[in-house]
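One structure is given here, and the rest of the page talks about it.
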Amino acid sequence: MDSKQFRKYAHEMVDWMADYLENIEDLPVRSIKKPGEIIAALPQNPPQQSESMDTIFADFNSLILPGMTHWQHPSFFAYFPANSSYPSVLAEMLTATMGAQCMIWQTSPAAAELEERMMEWIAEMQQLPEGYTGVIQDTASTATLCAILTAREKVSGFDVNENGFTGQKYVVYCSEQTHSSIEKAVKIAGIGSQNLRKIPVDEAFAMRSESLAETISKDKQNGLIPLCVVAACGTTGSTAIDPLEPIGEICKKENVWLHVDAAYAGTAAILPEKRWILNGVELADSYVFNPHKWMFTNFDCTAYYVKDKSALLRTFEILPEYLKTREDNQVNNYRDWGIPLGRRFRALKLWFVIRSFGVDGLRTKLRNHIELADQFRNWIESHPNFQLLAPVPLNTVCFHYAPVGSTLEEQNQWNAQLLEELNSSGKMYLTHTKLNGVYTIRMVIGQTSVDKKHIEEAWQLIQSFSGKV
């Protein structure tokens, strides 16, 4: 492909992109393809000769698009959103065109310095305490692994990196509702899932700080070394908010690293009226949230903050001769701030989004989503056959269908069936969790272009389908 052809197809594909986003509501939210159906339609062997972009793009539309679940559909209410926006997409186009590998300052000074400034902007927007230094990671899972590895090295005097484990028995703590990435990080860090303590939660599904204190005390009596507590600011199941202040005081007293995982909910902290969700974050050693979930920035883009930058760098720094540059002592070389050497230019899309929306525009969007969730919660609470199953501090509504006189076993079966019927309709996409053994449908109202009509249509569909299960 030459420059002339590239220009031609680039224009065609930008038109396709605009049409796709304009007409996305005409598509089923969740793909209706069966397992193996797509791969069966793909050639088993690569082509020996060049194929035209017309043919390739036609196959994209006929083979790939029908197999996609449309995360940018305004009736996508599943999981947590992986939000996009027009300015973010434009920035990603520029990033892809430049194809820069931004591992050190010298390989792209603008990428490194823009990232530094974006982390400062976000810290200001969320009123983070002074002393935090930020870096963009790919996901919160990676950031949490970085936190646990840094805690491991700091507690061991950076000995595990040098000599491996020599009999230390470290323990990590989180709530029963914390994300699965915590257990994965504990495994990868060599601590072992048997040394992960899942602390009981209260009626709002938040960690019981008194149970945490008791568990840490018991582990110390048994000769174990409390290493890290992961507190959730917005659990995956119900967006429960762990009490950061008492947890932080316990960690301070016991000299335990505190990592705050606000992957989804952290974006809400840019709202002055929701800043309370981070009360106590000043006691944390590290903090993470994902602009790629609820801040209209394309996946992947995770904001990770630490108090002790030197501990982070000492955990990950490797300096072979071929990576040394004369500017090393004057700049941030972000290859040393996490696991991968190679780094994408993620800061550009964040810059585009914040400037395009403005802080006020971001706040307006978030408030609208929270108001819509409050409306949906009211509908659930006022209906005799539906039940709210968790508090709604933000924009996730946990509910189930519970006709008067039905048993829990019947309700669990009916709600599983209801969820599948709703998702198979192509009109909306929801996911579930279990809270206290109850099959729970989650409604997350946070997609970039969601509006009141989409919530009203979803509620009508839920009521209609519930009468058929």
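Residue 282 falls short on exactly one of the conditions (1) assigned to a helix (DSSP H, G or I); (2) under 21 Å from residue 186 (Cα atoms), and that condition is (2).
Among the residues of the stretch 118-163, which ones are touching a residue at least 12 places away in the same chain (Cβ under 8 Å) and on the phi > 0 side of the Ramachandran plot?
Residues of the stretch 118-163 that are touching a residue at least 12 places away in the same chain (Cβ under 8 Å), as a first pass: 118-123, 125-129, 131-156, 158, 160-161.
Result: 127, 131, 158.
Report yes if residue 80 is surrounded by 22 or more Cβ atoms within 10 Å (Cβ to Cβ), within 20 Å of residue 297 (Cβ to Cβ) and not polar (S, T, N, Q), otherwise no. In short, no. What about residue 314, is it surrounded by 15 or more Cβ atoms within 10 Å (Cβ to Cβ), more than 17 Å from the chain's Cα centre (by Cα) and at pLDDT 90 or above? Against the criterion (surrounded by 15 or more Cβ atoms within 10 Å (Cβ to Cβ), more than 17 Å from the chain's Cα centre (by Cα) and at pLDDT 90 or above), residue 314 qualifies. Within the stretch 195-208, is even one residue over 21 Å from residue 154 (Cα atoms), assigned to a helix (DSSP H, G or I) and either hydroxyl-bearing (Ser, Thr, Tyr) or within 24 Å of the chain's Cα centre (by Cα) (or both)? No.
Check whether at least one residue in the stretch 197-215 is within 24 Å of residue 315 (Cβ to Cβ) and aliphatic (A, V, I, L, M), and report yes or no.
Kept after step one, since they are within 24 Å of residue 315 (Cβ to Cβ), are these residues of the stretch 197-215: 197.
From what's left, aliphatic (A, V, I, L, M): none.
No; the residues of the stretch 197-215 include none that is within 24 Å of residue 315 (Cβ to Cβ) and aliphatic (A, V, I, L, M).
Only one of 261, 202, 219 is of a type in the set (Asp, Glu) and within 27 Å of residue 166 (Cα to Cα); which? Show your work before the answer.
Details: 261 fails: within 27 Å of residue 166 (Cα to Cα); 202 fails: within 27 Å of residue 166 (Cα to Cα).
Of the residues listed, the single one that is of a type in the set (Asp, Glu) and within 27 Å of residue 166 (Cα to Cα) is 219.
Going through the stretch 351-367 one residue at a time, which ones are within 22 Å of residue 398 (Cβ to Cβ) and surrounded by 16 or more Cβ atoms within 10 Å (Cβ to Cβ)? Matches in the stretch 351-367: 366 only. Pairs meeting the criteria (first residue in the stretch 431-458 and without any contact (Cβ under 8 Å) to a residue 60 or more places away in the chain, second residue aromatic (Phe, Trp, Tyr) and in a strand (DSSP E or B), beta carbons under 6 Å, at least 6 apart or on different chains) are 441/399.
Residues of the stretch 409-452 that are in contact with a Leu (Cβ under 7 Å, 6 or more places away or on another chain) and within 14 Å of residue 387 (Cα to Cα): 435, 438, 440, 441, 442, 443.
Within the stretch 143-157, the set of residues being among the polar types (S, T, N, Q) and either more than 20 Å from the chain's Cα centre (by Cα) or in a strand (DSSP E or B) (or both) comprises 150, 156. When we screen 43, 35, 47 for residues that are of a type outside the set (S, T, N, Q), assigned by TED's automatic domain parsing to the domain that holds residue 78, more than 17 Å from residue 64 (Cα to Cα) and free of Cβ contacts under 8 Å to residues at least 12 places away in the same chain, the only hit is 47. For residue 90, the conditions (1) buried (at least 20 other Cβ atoms within 10 Å of the Cβ); (2) more than 21 Å from the chain's Cα centre (by Cα); (3) not assigned by TED's automatic domain parsing to the domain that holds residue 270 all hold with the exception of (1). Residue by residue through the stretch 1-47, note down the ones that are closer than 24 Å to residue 84 by Cβ and acidic (Asp, Glu). Within the stretch 1-47, 12, 15, 19, 22, 25, 26 qualify.
Put simply, of 230, 186 the only residue that is in a strand (DSSP E or B), assigned by TED's automatic domain parsing to the domain that holds residue 155, touching a helix residue (DSSP H, G or I) at 6+ places or on another chain (Cβ under 8 Å) and surrounded by 19 or more Cβ atoms within 10 Å (Cβ to Cβ) is 230.
Evaluate the following for residue 234: is it at positive phi and over 23 Å from the mean Cα position of the chain (by Cα)? Explain how you work it out, then say what you get.
Details: at positive phi: yes; over 23 Å from the mean Cα position of the chain (by Cα): no.
In short, no.
Consider the stretch 50-60 and keep the residues that are free of Cβ contacts under 8 Å to residues at least 40 places away in the same chain and not charged (D, E, K, R). The one that is surrounded by the most Cβ atoms within 10 Å (Cβ to Cβ) is 60.
Out of the residues in the stretch 233-263 meeting the condition of being within 20 Å of residue 304 (Cα to Cα) and small (Gly, Ala, Ser), tell me which one is surrounded by the fewest Cβ atoms within 10 Å (Cβ to Cβ). Among those residues, the one meeting the criterion is 248. Of all residues in the stretch 434-469, those satisfying the criterion of being part of a helix (DSSP H, G or I) and polar (S, T, N, Q) are 460, 463, 464, 466.
The values are calculated or read from the model by the stated rules, or taken from the named source; none is laboratory data. On a predicted model such as this, the values are computed, not experimentally measured, just so you know. Cβ atoms come from the backbone with ideal geometry, glycine included; neighbour counts cover every protein chain shown.
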